[in-house]
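To start, the structure itself, in structure tokens.
The values are calculated or read from the model by the stated rules, or taken from the named source; none is laboratory data. As the structure is a computational prediction, the values presented were derived from the model and not from experiment. Cβ placement follows ideal geometry from the backbone for every residue including glycine, while neighbour counts extend to all protein chains displayed. Note: accessible area is taken over every heavy atom of the protein model, side chains too, but ligands, DNA and RNA are not part of it. Shrake-Rupley method; radii C 1.70, N 1.55, O 1.52, S 1.80 Å.
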Amino acid sequence: MKSLLLSAIFLLSACQSTQPVVSKAAYDLGPALSAGMANSAAPSFLLSDIRSSSALESTAMWYRLYDQPQQLKAFAYARWTSTPAELLSLRLKQLTAQHGGRVLQRSSGELTLPQVQIELDEAAQHFSSASQSVFVLSGRILVQTPGKPAVIRAFSLQQAAGSDAASGALAAQKTADQLIETVWQLIRSAGQNTP
């Protein structure tokens, strides 16, 4: 009886060891290539830490299904390499530098530069069917230029994606670049406002 029990335990452990270990694919916003961006010059500005909803304070890649749009779900085998706010902040700094601008922290003491604050509400892939989706990035931008009225702009950007997380990551890169151009444009227009 004892040998039969040991044999059963051995067989169970052997079965468990043959189960494939599936690791999560890790995505970021890709290399900071700006060839497709329309603006040739970027402004310099101060950037506050990007704020986000509690769901976006992790590396989960979120999606919503067409038959359950109120449920935010995480891809089981895909994740971001960092939080969406951190990825967006890095890309904003990289592309601004590539286009001749500078992104400084508020603690730098450069009080004459415009101050930018971004809040993210949503960064998720929305599926309209099993094979079609769009990546949605939404939230608000606040720009405060010294001596000028503050400018607040809500944004909701989207890019077509496919049926998987990889296509969502590529669409996320495009929406991030759209947002960066929007930030630059808002800084320019805020600087032209009269008090």
Positions within the range 52-111 being over 16 Å from THR175 (Cα atoms), of a type in the set (Phe, Trp, Tyr) and not in a loop (DSSP other than H, G, I, E, B), in sequence order: PHE75, TYR77
Of residues in the range 95-109 being open to solvent by 70 Å² or more (accessible area, probe 1.4 Å) and in contact (Cβ under 8 Å) with a residue 12 or more places away in the chain, the one nearest to GLY147 (Cα to Cα): ARG106
Conditions (1) in a strand (DSSP E or B); (2) under 24 Å from ALA74 (Cα atoms); (3) in contact with a Lys or Arg (Cβ under 6 Å, 6 or more places away or on another chain); number of the one not met by GLY139: (3)
Residues that are open to solvent by less than 60 Å² (accessible area, probe 1.4 Å), hydroxyl-bearing (Ser, Thr, Tyr) and without any contact (Cβ under 8 Å) to a residue 12 or more places away in the chain, drawn from the range 50-84: none
From the options ALA130, ALA154, ALA172, residue that is closer than 25 Å to TYR66 by Cβ and surrounded by 19 or more Cβ atoms within 10 Å (Cβ to Cβ): ALA172
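From the set of residues in the range 19-49 that are at pLDDT below 90 and either open to solvent by less than 50 Å² (accessible area, probe 1.4 Å) or touching a His at 6+ places or on another chain (Cβ under 8 Å) (or both), which is nearest to LYS93 (Cα to Cα)? Even if it seems obvious, please write down each step before you answer.
If we filter the range 19-49 for residues that are at pLDDT below 90, which is where we start, we get 19-24, 31-41.
Pick out the ones that are also either open to solvent by less than 50 Å² (accessible area, probe 1.4 Å) or touching a His at 6+ places or on another chain (Cβ under 8 Å) (or both) and you get 32, 34, 37, 39-41.
Details: ALA32: 10, SER34: 12, MET37: 15, ASN39: 15, SER40: 15, ALA41: 13 Å.
Going through the qualifying residues, I end up with ALA32.
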